[in-house]
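**Q** One structure follows; several queries about it will come next.
The values are calculated or read from the model by the stated rules, or taken from the named source; none is laboratory data. Bear in mind the structure is a predicted one, so any value in this text is a computation, not a measurement. Here the Cβ positions follow ideal geometry from the backbone for every residue, glycine too, while neighbour counts run over all protein chains shown. Calculation scope for accessible area: heavy atoms of the full protein, side chains included, ligands and nucleic acids excluded. Shrake-Rupley method; radii C 1.70, N 1.55, O 1.52, S 1.80 Å.
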Amino acid sequence: MNYSHLRTVYEKGGPYATVYLEGRSPSADAGTQIRLRWEELREQLSADGAEESVLETIDSVVLVEEPTEVHTDGRVIVANSGGVLLDEHWDAALGDGDAAHYTEVPELGAYLRQESRQFDVVLIIAGQDGATVRELSVTPDRERRENDGVHVAGDNDEEINKPRRGAYSHNQIRRRVDEIIKDHARSVADFVDRLITDNAPDAVILAGEVQGRTVVKAELSVRAEEMLHEISEGGDDDEGAEEAIDVAIRTLVTSLVAEREAENSERLAESKAHDRAVEGRAEVEKAVQRGAVAVLLLDDDDAERSDAEAAIVAQAIMSSAEIGLNHDPMADGIGAILRYDIAAALAD
């Protein structure tokens with residue numbers, strides 16, 4: 001995955017304070033809880049040498065008037081003497097714990113691992129009267145985030161199940177109903193195409209009752225079809241249907257994440273066979289310093305990370321390398337696919 005948007009963080013220069021606040025269950029005393037949690041991390045950062053001005057900029061992000069979102073969604077925050085440079089949701093599973101670092105480069109390994117497991121999804125819950133379309137961010141083991149759903153339908157507002165008596169013959173009525181359903185489906189397909197253009201999601205998921213799915217699927221563009229995954233769960237009109245869809249989406253995303261990591265493992269093995277990949281801290285560090293890394297691969301378990309990971313990640317992103325995860329063991333928990341062969345990448 002490409003993380004070039006983080007280059008502006010690294011370009012500002014350190015030292016940096018990196019703060020992780022895990023998301024917790026909603027609570028009436030969220031403000032008190034978040035204040036106490038931040039006070040502990042604040043003291044740690046201060047003891048590590050963080051200037052008061054840096055800590056005060058983080059105060060403004062954490063100690064807000066309405067703390068519920070920070071408390072329940074979690075946060076990853078990066079700040080330096082110039083102010084807050086990164087402020088993102090941090091969907092850590094409950095129990096991961098809060099953390100704070102004051103270092104020369106931001107400690108973004110945990111954040112990047114989460115981002116690499118996240119799939120941005122366009123969910124279509126289809127019916128005969130159009131579809132409810134939602135944008136979701138989903139990871140296998142965390143709460144999904146979503147924008148409010150939008151019901152999309154065609155311009156024709158005729159009641160498709162109750163044609164006016166005597167207006168048409170039975171076949172004419174059927175044809176008219178089919179035209180209305182198809183018009184709704186075309187509007188859904190056009191709306192989904194705009195979302196793909198504007199937001200570049202990772203996947204399109206089609207759910208809902210069978211006839212609605214069939215008609216919408218037939219109208220989707222080629223690029224939407226290339227991203228399409230269909231699930232049999234349907235309806236958005238009751239809690240049971242919603243839960244079934246949520247389980248199906250999480251199961252699908254778990255599979256997609258595994259496929260993504262398997263592809264990274266295969267690419268690494270293939271590149272090593274052609275002398276275009278390295279493993280281990282020393283060789284990866286040397287390659288990334290020379291701008292030779294095309295894809296930096298991190299162990300998907302944060303506990304296996306290299307001691308030099310933060311600095312290597314910084315150099316990789318500054319040299320426009322992609323970042324990915326690999327489930328298979330790597331020396332020091334880090335590897336790299338190179339832009340050219342090892343001899344040229346590591347030559348003295």
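**Q** Once both labels are modelled 7 Å past Cα along the beta-carbon direction, what's the His274-Glu65 spacing in nm?
**A** Each label point lies 7 Å from its Cα, and together they span 5.8 nm.
**Q** Taking only protein heavy atoms and a 1.4 Å probe, what accessible area per residue, in Å², does the chain have with all protein chains in place?
**A** For the chain, the per-residue accessible area is 49 Å².
**Q** For helix 30-47, what angle does its Cα long axis make with the longest principal axis of the chain, in degrees from 0 to 90 and rounded to 10?
**A** Here the helix axis deviates by roughly 30 degrees.
**Q** Could you state the angle between the C-alpha long axis of helix 170-199 and the longest principal axis of the C-alpha atoms of the chain, as a value from 0 to 90 degrees rounded to the nearest 10?
**A** 10
**Q** Ignoring ligands, DNA and RNA, what percent of the accessible area of the range 225-282 is carbon or sulfur (1.4 Å)? Don't skip to the end; give the middle numbers.
**A** On the way: 1550 of 3410 Å².
Answer for the range 225-282 is 45 percent, counting heavy atoms of protein chains only.
**Q** Still on this structure, I have one more. Between Ala153, Ala131, Ala308, where does the largest GNM mean-square fluctuation fall for the chain, given springs only between Cα atoms within less than 10 Å?
**A** Of Ala153, Ala131, Ala308, the Gaussian network model singles out Ala308 as fluctuating most.
**Q** With the chain treated as a Gaussian network of Cα nodes joined by springs under 10 Å, which of Asp198, Asp299, Asp275 yields the largest mean-square fluctuation?
**A** Asp198
**Q** For the chain, modelled as a Gaussian network with Cα springs under 10 Å, which listed residue fluctuates most, Ile77, Ile334, Ile196?
**A** Its mean-square fluctuation being the largest, the pick is Ile196.
**Q** Right, here's the next one. Charges on Cβ only, +1 for Lys and Arg, -1 for Asp and Glu, centred on the Cα centroid of the range 7-149; of Val54, Val138, Ile34, which one is farthest towards the dipole's positive end?
**A** Sorting the options by dipole projection puts first Val138.
**Q** Another question about this same structure. May I ask you to derive the relative contact order of the chain, considering only C-alpha pairs under 8 Å and at least 6 residues apart, and to give it as an integer percent?
**A** 16
**Q** Give the shape of the chain as rounded, prolate or oblate, defined through the alpha-carbon gyration tensor: a ≥ b ≥ c are the square roots of its eigenvalues, a/c under 1.5 means rounded, and otherwise the shape is prolate if a/b is larger than b/c and oblate if not.
**A** oblate
**Q** Placing +1 at every Lys and Arg Cβ and -1 at every Asp and Glu Cβ, with all other atoms neutral, what dipole size does the range 16-156 have around its Cα centre, in debye to the nearest 20?
**A** My answer is approximately 420 debye.
**Q** Quickly estimate the mean residue ellipticity at 222 nm for the chain, helices only: each DSSP H run with n ≥ 4 gives -39500 (n - 2.57), and the total goes over all residues, rounded to 500.
**A** The helix-only estimate for the chain comes to -14000 deg cm²/dmol at 222 nm.
**Q** Report the charge-dipole magnitude of the range 230-320 in Debye, nearest 20, computed about the Cα centre from +1 at each Lys and Arg Cβ and -1 at each Asp and Glu Cβ.
**A** That gives a dipole near 1160 debye.
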